[in-house]
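*Asks:* Following this message is one structure expressed as structure tokens.
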Amino acid sequence: MLFDDLSGNENLKKSLGALESGGRMPHAVIVGGGSAVQRAKVADHLAKWAVCSGKGERPCGVCKNCKNAAERAHSDVYYAKEIGKTKIYNAEEIKNIIRDASIKPNQAERKVYVFEECDRKLPVISQNMILKTLEEPPQDILFILTCENPKLLLETIRSRSSALLLEDEAKRDEAALGIANKIAERIVSPSEMELLKATFRLDNRFTALEALNALEQIFRDGMAVYFGAKAELNGELAEKLCRKLTKAHFLGLMEITKTAKENIEKNIPLKLVSTWLCAQYRRTVWQK
């Protein structure tokens with residue numbers, strides 16, 4: 001996947017690239033975090049990817065489909081319309097979208113429906129209406145939902161969508177950071193049960209992804225302290241890890257964490273990911 005119009009957000013790019021290369025692009029994506037402008041850019045980029053008719057990597061940006069999508073003028077890309085003074089996607093709009101989704105694309109391989117700022121504009125009644133379509137989506141469909149805080153969406157909506165989180169260090173989720181710190185502390189604890197309890201706190205996909213991003217930074221901090229540099233997040237925790245872990249340990253832990261994020265993005269159940277994560281962390285740190 002090409003990223004010419006997406007600056008920064010390296011983790012997001014890696015997630016998108018991994019999904020595409022593995023043929024796992026989902027039928028529904030929630031783009032969370034960042035600013036409204038950033039989220040809109042990602043939604044537009046995904047829409048161009050979905051309808052691109054270029055022969056190489058997508059979106060090519062030069063084919064007619066890409067150009068029309070970039071102008072929000074493609075017949076197979078529909079941006080949900082706010083209705084009334086309340087500026088929400090009401091029941092009538094959702095009904096129209098559901099009916100239209102059953103009709104084959106006009107020009108492209110896929111039809112795309114974009115719902116912007118869903119945590120404010122998509123009320124619970126509308127979420128419940130669209131749920132059936134997310135459970136049994138028509139072929140060649142991509143739903144894109146953007147929101148600042150995905151946790152405000154119904155769990156049933158979140159569980160049927162892939163999560164893409166924009167990086168925003170200034171708004172790091174404190175709950176996710178707390179989970180990451182606890183897991184890191186338990187990694188060097190002799191009790192496997194304590195580590196399992198800590199990883200089982202990854203019970204929400206979006207919080208889990210943020211926590212794993214924070215864990216990667218914690219391990220990078222450990223590496224930094226190991227070589228005499230300063231930690232970015234938690235210097236005390238980094239020094240504690242450094243007293244018990246080696247460079248090889250930190251590298252192994254970062255690779256495991258990366259794989260865990262990829263598994264979450266593939267919609268593997270969180271309990272399975274948590275159990276696997278605990279076992280892999282223990283194997284890496286405590287094996288003889």
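*Asks:* Could you rank the peptides 27-33, 80-86, 145-151, 121-127 by their average count of other C-beta atoms within 10 Å per residue, with the highest value first? Write down the numbers at each step before the final one.
*Replies:* Details: 27-33: 23.6, 80-86: 12.3, 145-151: 21.4, 121-127: 17.6.
Averaged packing, sorted descending, gives the order 27-33, 145-151, 121-127, 80-86.
*Asks:* While we're on this one: Which entries in 95/151; 48/182; 41/230; 95/261 show an alpha-carbon gap greater than 32 Å?
*Replies:* Numbers: 95/151 24 Å; 48/182 40 Å; 41/230 34 Å; 95/261 34 Å.
In this structure, 48/182; 41/230; 95/261 exceed 32 Å between Cα atoms.
*Asks:* While we're looking at this one, here's another question. Run the numbers for residue 132 and residue 85: contour at 0.36 nm per residue of separation, minus the present Cα-Cα distance, in nm. The partial results should precede the final answer.
*Replies:* On the way: separation 47, 0.36 × 47 = 16.92 nm, distance 2.73 nm.
Here the answer is 14.2 nm.
*Asks:* How much FRET efficiency would the formula 1/(1 + (r/R0)^6) give for residue 125 and residue 103, where r is the Cβ-Cβ distance and R0 is 22 Å, rounded to 0.05? Write down the numbers at each step before the final one.
*Replies:* Details: r = 24 Å, r/R0 = 1.09.
So, using R0 = 22 Å, E works out to roughly 0.35.
*Asks:* Taking a probe of 1.4 Å, how large is the accessible area per residue of segment 26-159, in Å²? Display every interim value, and only then the final one.
*Replies:* Values: 6370 Å² over 134 residues.
Heavy-atom accessible area per residue stands at 48 Å².
*Asks:* Helix-only mean residue ellipticity at 222 nm, the chain, DSSP H runs n ≥ 4 weighted -39,500 (n - 2.57), per residue, nearest 500. What is it? Working shown, then result.
*Replies:* On the way: 13 runs with 155 residues, N = 288.
The helix contribution divided over the chain gives -16500 deg cm²/dmol.
*Asks:* While we're looking at this one, here's another question. Determine the dipole magnitude for the chain: charges of +1 sit on the beta-carbon of Lys and Arg, -1 on that of Asp and Glu, nothing else is charged, the reference point is the Cα centre, and the result goes in debye to the nearest 20.
*Replies:* Rounded to the nearest 20 debye, it is 460 debye.
*Asks:* Sticking with this one: Points 7 angstrom from Cα along the Cβ direction at residue 96 and residue 73: gap in nanometres?
*Replies:* 2.1 nm
*Asks:* Would you mind counting up the charge near residue 129? Only other residues with Cβ under 11 Å from its Cβ, with Lys and Arg at +1 and Asp and Glu at -1.
*Replies:* Values: positive: 95, 132; negative: 92, 93.
Overall, the nearby charge balance is 0.
*Asks:* How large is the charge dipole for segment 15-168, taken about the Cα centre, if only the Cβ atoms of Lys, Arg (+1) and Asp, Glu (-1) carry charge, to the nearest 20 debye? All intermediate terms of the calculation are to be shown ahead of the outcome.
*Replies:* Details: 23 positive and 20 negative charges, 61 e Å.
Using only the charged Cβ atoms, the result is roughly 300 debye.
*Asks:* Using the alpha-carbon atoms, what tilt in degrees (0 to 90, nearest 10) does helix 247-265 show relative to the longest principal axis of the chain?
*Replies:* Its long axis makes an angle of about 30 degrees.
*Asks:* With every protein chain left in place, what is the accessible area per residue of segment 205-287 in square angstrom, probe 1.4 Å? Mind showing how you got there, number by number?
*Replies:* Numbers: 4010 Å² over 83 residues.
The answer is 48 Å² per residue.
*Asks:* Sticking with this structure for a sec: Taking 0.36 nm per intervening residue step and subtracting the Cα-Cα distance, what contour gain separates residue 155 from residue 239 on full extension?
*Replies:* Contour length minus Cα-Cα distance gives 26.5 nm.
*Asks:* A further question on this structure: When the Karplus curve 6.51 cos²θ - 1.76 cosθ + 1.60 is applied with θ = phi - 60°, which whole-Hz ³J(HN,Hα) does each residue of segment 93-101 get, with x for Gly and Pro?
*Replies:* Rounded to whole hertz, the list is 5, 5, 4, 4, 5, 4, 5, 5, 5.
*Asks:* Right, something else. Using a 7 Å offset from the Cα along the Cα-to-Cβ direction at both residue 35 and residue 247, what is the distance between the two label points in nm, to one decimal?
*Replies:* In this crude label model, residue 35 to residue 247 measures out at 4.0 nm.
*Asks:* Give me the percent of accessible area attributable to carbon and sulfur for segment 155-288, probe 1.4 angstrom. Please list the in-between numbers first.
*Replies:* On the way: 3430 of 6600 Å².
That fraction is 52 percent.
*Asks:* Accessible area of segment 40-135 with a 1.4 Å probe: how many percent of it is carbon plus sulfur?
*Replies:* Values: 2510 of 4890 Å².
Percent of accessible area from carbon and sulfur atoms in segment 40-135: 51.
*Asks:* Using only the alpha-carbon atoms, how far is helix 124-135 inclined from the longest principal axis of the chain? Give it as 0 to 90 degrees, nearest 10.
*Replies:* 90 degrees
The values are calculated or read from the model by the stated rules, or taken from the named source; none is laboratory data. As the structure is a prediction and not an experimental result, all values here were calculated from the model. Cβ sites come from the backbone with ideal geometry, for glycine too, and all protein chains shown count toward neighbours. The protein model used for the area step is the full one, side chains on, heavy atoms only, and it has no ligands, DNA or RNA in it. Shrake-Rupley method; radii C 1.70, N 1.55, O 1.52, S 1.80 Å.
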